[in-house]
Each structure stands twice: as structure tokens, then as C-alpha cells.
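Structure first, then comments.
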Amino acid sequence: MAIKVLLTDKSLFQNKVDALAFFVEKDFDFKKEFKEISEKYCKNLQKLLSDRKFTGKQGSFTVVPVSSDSTFTYLVFLGLGKDNNQTTHFESYRRTIGKLIKLLPSYNIKSVAFQLPQEKTLGFDINYIAKQTAMIISMADYAFDDFITENEQAKRNSYVINIIVPAKQIKDLQKDIDQGLIIAKAVNEAREWVNLPANMLTPADLAANARQIATDHSLKCTIFHEKEVNKMGMGGLSAVARGSDKDCCLVIMEYKCKEKDVPTLCFVGKGITFDSGGLSLKPAELMETMKEDMSGAAAVIACMQVLGQLKPKVNVIGVAPISENMPSGTSVKPGDIIRFYNGKTAEILNTDAEGRLILADALAYATKHYKPDFIIDIATLTGACARALGPFYTGLFTEHEELSTHIHHAAKKSGDFVWRLPLTNDYKPAVKGSFTDLRNTGRMGYMAGGTTAACFLQHFVNDIPWAHLDIAGTAFNVPDAVSYFSPATATGVGVRLLVELAMEWKK
Ligand code: BES
Ligand code: ZN
Ligand code: ZN
């Protein structure tokens, strides 16, 4: 699909479109809201809605054809539900937008007009509502369908969404719409990279995308190739890459703010373009979606592309260690001992716990060379976290309260939600090695695989405020209740969150 988002000050009835859409709170007052519409376009609308039991329940919708002498073909009603929680209520709004966009093709609706919900209905200011609306329209429009050859027809369809706002606000809100679309484009790009299978997106391909983005948006980009990675003593990344025919690399992108003395933030993303498990081979069912294992790197790289355009008042370093994890005669073996960039050693007990190995070197590198105000890493790191939280919340692990507060705030605002899991002293012995500093799996008895993985990573950030985001459950195949994603594909999780953090960060 291709979709256009336009602002207009034309009234609902002046818009020449196929459909009008309405966002309706649970148990809405029909007379107050729809009397005029009903009189003009559909005399028995109230009865019709009640016959169909449309009450505005969250997630519900109904499409009503209107009399042939009107300029519209349909009225579309979408339920917002009722919710005292501002965050979840706004998420319902995002999902009604998603629903609206997804139902367009099946009704052959090519153009829609709607009024933005009121500030008091959603509890957010109109600029935020406009930005989020545009973002979600564009995210809902994304589909991974380039490889369906019969899809030519669907692709040619283009859609126009008219958002009705008061004339005096058009100029101001256009900025928010543009920002929303910039962020959505990056989210969709991250989704596309994740959806591309490992034969179509190799480590070199992902690095090339980063390089291209840096060129397009005037960012600095440094790429260390496998030879340099080995020479620099990045034993974790080297060990993981050894089993693959394809070279690994470490990508570093830098956004520099024009102002001096601004904070420096650092984002680090796991970039395993395919995780077979290595010699500790995954069973077939668990391997099926392991092209998704570079979702963290995708989020970081896509985020940098937004920052290059929206130019926040911070410096941001984006780091992505990128590799395949494959079994072969040259693979790292269970029992092997490696040494990381910061000199620490680890015994590799399970080659499938490879994410922490490549992140360790990336974190150590960022810590040593940039001394950022904080580091956040983002990774499809553990099945344990995915099982604990499921597909709606990313796991957050940190011992830094202030950073945790910032991340929670940004998560709620961006729609990339997080849920904090423990990271406390009790768990730390789980990754202590027997004859090395560390071991790459948690010791028996500690369980809590998400937490013990975080304990491992903590050894590579010294005392820099640091948080770890485990997106194993949220990066891919989120149920279609979240209507603006599509099942069995990538979500681009993290892009909205990291962008929000960078845009709103104050020293
Ligand atoms: N990439 C996987 C984690 C994962 C699982 C991501 C499901 C997305 C969905 C990671 O490298 C992995 O295999 N982790 C192991 C660690 C274990 C061997 C300690 C796991 O979670 O089983
Ligand atoms: Zn693995
Ligand atoms: Zn992995």
C-alpha cells in the first residue's frame, strides 16, 4: 500500500472521500454525537448501531453504507472503549487507527476523513495526538509483501487519509505529522530488515544499510570488519562469528549535536542476522524465526536515521555488533574460553547464548571510547524473558533508578512498552565462572534466564548508568490485537522508544 496523510480544515461533510471515520468512546451519547450525521446520511443509524450491538467497546468496529445520494459510501465507527488509565487508553486509540487502516482494502475504501479526537478525550495535547496518529497510520500501512508476486494489484492501490483540524492549527500540526511520518518510516525500515531472511540480509548487508543511512543523514559511521575485530581483541564477537562463512563487523554510528556540552547517549543493539544456536544447535521449531535476531541492531540503526533528521540536543552513539551464529568445523565449542575487549574472560557453555558475547565487546568498546552519560542495549536476548512477559512488554533490567524512570516515561509516551524485571545482587553469582571471570549461561538453581543474561552484560559497562532491554518477546509476531502490526512479522520495537528517549533527554 501507499498512503498519504493530509491535514485539512474542511468540515466532515465537505471532504470528498469514500468514507468518514469516527472514534467512539464506550457507551457514547448518540444524540449528542451523531444526530446531525444521522439526519443527513442515515436516518436509522441509531437503530442500526444498536442492532449490531455497537457500543464503542475497545477493538470493535462497524461499517455502515450510506444512502446513494451522499458523497460518501461508508461511515466507519471504531470503538475506543473506556479506560481511566491514560496510557492504555491512548494505546486503544492507536489500535483503532490501525484497525481503520487495515480495513480499507476489504471495503475498497481509497480515501477517509476523520476529526482528531479531542484533547480531553485522550488526555494528551493535540500536537502529540497528531504526531501519534500519523505515525500509526504509516506503521499500519506497512506489509512484508514484496515477495508475493501476485500482489501487484494490492501494491498499486494508494490511500488518502484526511485529518480534519481547525484552520489556525494546520501549520503547527503539520510539523507533528511530519515528525510522526519520519519516525514511522524508520520503524518500517527496521521491520523490513528484520523480515528479510538471512539469505537476503547478511551482516554485510545490514552494515551497508547503516553506512547508507549515515551518508544520507550526515552521520559519522565507522565499521570494523572481522579482521579488525579479531585484532582488537573482541573475543566475544570473534568467537560467535568463527563458525560462519560470512564476516562479522562492528558498526558505530555517531550523531553529533551542533551545540557544545550536551550529554552523550549510547544505544547498543544485538545484530545476529541468523541464530542457529551454533554447535548448541536449536531445535527446528525454535530456529524458524531466528532471522529476527538482529532486531536490536535494526532498532538502533533506524533510530539513528531519525535523529539525523529531528536533531535532538544530545550526542548519540549507535553501536551494532553484527554476525551470524552458525555450526561448522570452525565454530566455537562448548567449554571454550574467550577473552573480551575489556580483558575479562568467559567460559562458553552454550553457544546459543551468543547475544551476550557480542554485546559484551560492543558495551566494553562504547564504555572505553565514549564514556557516555548512559548506555542502553537492546537485544532479542532470552527465551526466558519472552516467556515471562509475552509479546506486549519489553523486559527492562537496570540498577539505575533514574534511568529506569526515564525509560518508563519514554516507553509510555512512545507506545513501546516496558516492564521491569529484577536485576539485584542475589542473581549475580549465577554468571560467575569456575575457572574464568564469567560463564555464558546462568548456573543451575538461579533460573531467571533474562536476569542472569543481564548480570552477564553488566560486567562490561563499568560504572556507567546502564539499562538492558530484552525484546525477545516483542520484536516479532505480536498478536493482531495490536492492529498496527501484522502477525508473523517484525514490529520494529525499540525505534519509537529510543527516539523518544533521545528527543526528550535533559541533563
Ligand atoms: N536469540 C535467542 C533468544 C530468542 C529466543 C530470541 C526467542 C527471540 C525469540 C538467544 O540467542 C538464545 O538462544 N538464548 C538462549 C540462552 C540460553 C542458551 C542460556 C535461550 O533463551 O534459550
Ligand atoms: Zn542464541
Ligand atoms: Zn540469539
Let me have the relative contact order for region 348-488, percent, based on Cα pairs under 8 Å that are six or more residues apart.
40
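Roll a 1.4 Å probe over the protein chains and send me the accessible area per residue for region 351-390 in Å².
Details: 1070 Å² over 40 residues.
With the other protein chains kept in place, region 351-390 gives 27 Å² per residue.
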Sort R211, R94 from largest to smallest accessible area, using a 1.4 Å probe on the heavy atoms of the protein chains.
R211, R94
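Which FRET efficiency value, to the nearest 0.05, do you get for Q309 and T149 by plugging their Cβ-Cβ distance into 1/(1 + (r/R0)^6) with R0 = 30 Å? Before the final figure, lay out the partial values.
Working: r = 34 Å, r/R0 = 1.12.
Computed FRET efficiency for Q309 and T149: 0.35.
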Among rounded, prolate and oblate, which fits region 355-407 when a ≥ b ≥ c are the square roots of the eigenvalues of its C-alpha gyration tensor, a/c under 1.5 means rounded, and a/b larger than b/c means prolate?
oblate
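Anything over 26 Å Cα to Cα? Flag those among K131/K260; K175/K506; K131/K412, in the order listed.
Details: K131/K260 29 Å; K175/K506 22 Å; K131/K412 15 Å.
As for pairs spanning more than 26 Å Cα to Cα, those are K131/K260.
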Using the basic label-point model (7 angstrom from Cα toward the beta carbon), what is the R443 to N350 distance in nanometres?
1.7
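Is the chain rounded, prolate or oblate when judged by the Cα gyration tensor, a ≥ b ≥ c being the square roots of its eigenvalues, rounded requiring a/c under 1.5 and prolate requiring a/b larger than b/c? Working shown, then result.
Numbers: a/c = 2.11, a/b = 2.03, b/c = 1.04.
Cα axes put the chain in the prolate bin.
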Could you state the angle between the C-alpha long axis of helix 30-41 and the longest principal axis of the C-alpha atoms of the chain, as a value from 0 to 90 degrees rounded to the nearest 10?
60
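I'd like the antiparallel share, as a percent to the nearest 5, of DSSP beta bridges with both residues in the chain.
Numbers: 27 of 72 bridges.
If we restrict to bridges inside the chain, about 40 percent are antiparallel.
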Below 8 Å, C-alpha to C-alpha, sequence gap of six or more: please give me the relative contact order for the chain in percent.
15
Expressed in nanometres to one decimal, the distance between label points 7 Å along Cα→Cβ at N108 and K32 is 3.9
Which value in deg cm²/dmol, rounded to the nearest 500, describes the helix-derived mean residue ellipticity at 222 nm for the chain, given -39,500 (n - 2.57) per DSSP H run of n ≥ 4 and division by the residue count?
-12000 deg cm²/dmol
Highest average packing first - 301-307, 79-85, 201-207, Cβ atoms within 10 Å:
301-307, 201-207, 79-85
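At a 1.4 Å probe, what is the % contribution of carbon and sulfur to the accessible area of region 1-157? It would help to have the intermediate numbers written out before the result.
Details: 3720 of 7860 Å².
Carbon-and-sulfur percentage of accessible area, whole number: 47.
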To the nearest 10 degrees, how steep is helix 203-216 against the longest Cα principal axis of the chain, on a 0 to 90 scale?
60
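Leaving out ligands and nucleic acids, and using a 1.4 Å probe, what accessible area per residue does region 1-104 come to in Å²? Display every interim value, and only then the final one.
Numbers: 5260 Å² over 104 residues.
Solvent-accessible surface per residue comes out at 51 Å².
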State, as an integer percentage, the relative contact order of region 118-264 based on alpha-carbon contacts under 8 Å between residues 6 or more apart.
23
Rounded to whole Å, give me the distance from the Cα center of region 387-450 to that of region 63-111.
38
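The values are calculated or read from the model by the stated rules, or taken from the named source; none is laboratory data. Remember, predicted model here, so these are calculated numbers, not experimental data. Quick reminder, even Gly has a Cβ in these numbers, built from the backbone with ideal geometry, and neighbours come from all protein chains shown. Each accessible area value is taken on the protein alone, full model and side chains, heavy atoms only, with ligands, DNA and RNA left out. Shrake-Rupley method; radii C 1.70, N 1.55, O 1.52, S 1.80 Å.
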